[in-house]
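Input: a single structure, listed below in structure tokens.
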Amino acid sequence: MFKIHVENSGGGLVIPEMMIDENPHEGYDYRDLDEVKIEEVKLGNIRMSSCRPDNYLKLNNNKGTIFCRLDKSAIPNEVFTSPLNIELTYGYMSSISKQIEIFEEVAY
């Protein structure tokens, strides 16, 4: 079993990938925020047998946890080293603000 911790450590918002091209000034439904799609979790080339949650991970306070199980029959009997590959899909939005002063030039 694998316990995978996911965190939004940046200062922006996690938004659905499909909303990237939409106008951010129209706002987002809070139910759409902080949701990450779990595409695939693999140990090397071996796909996990099951993961929970299985489709979408809802971040709570910018954090979430995925629990995955690897079928014992898929694991070689000898000792091996392999990377854990986690593919997530999400959109990300960040903004900055700066106060500016505009002067109007008057011609006489």
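Taking 0.36 nm per residue of separation and subtracting the Cα-Cα distance, full extension of the segment from residue 20 to residue 106 would add 26.9 nm.
If you count Lys pairs in the chain whose Cα atoms are under 23 Å apart, skipping same-chain pairs closer than 8 places in sequence, the total is 10. Couplings 3J(HN,Hα) for segment 96-108, derived from phi with the Karplus relation 6.51 cos²θ - 1.76 cosθ + 1.60 (θ = phi - 60°), are 10, 10, 8, 7, 10, 10, 10, 9, 9, 8, 9, 9, 10 Hz, where x marks Gly and Pro. Sequentially through segment 42-58, phi angles give Karplus couplings (6.51, -1.76, 1.60; θ = phi - 60°) of 9, 9, x, 9, 9, 6, 4, 5, 7, 9, 10, x, 8, 10, 10, 10, 8 Hz, Gly and Pro residues having no value and appearing as x. Springs join every pair of Cα atoms under 10 Å in this Gaussian network model of the chain, and among 73, 94, 82 the largest mean-square fluctuation is at 73.
Between residue 55 and residue 37, the simple label model (points 7 Å from Cα in the Cβ direction) yields a spacing of 1.1 nm. Note on the chain: with a GNM built from Cα contacts shorter than 10 Å, the maximum mean-square fluctuation among 86, 96, 15 falls on 96. Positive end of the dipole of the chain (Cβ unit charges, origin at the Cα centre): among 48, 59, 6, the Cα lying farthest that way belongs to 48.
Once C-alpha pairs closer than 8 Å and six or more residues apart are averaged by separation and normalised to the residue number of segment 2-93, the relative contact order reads 44 percent.
Bear in mind that the values in this text are calculations on the coordinates, not laboratory data. Computed from a predicted model, the values in this text were never measured in an experiment. Reconstructed Cβ throughout: ideal geometry from the backbone, glycine too, with neighbour counts over all protein chains shown.
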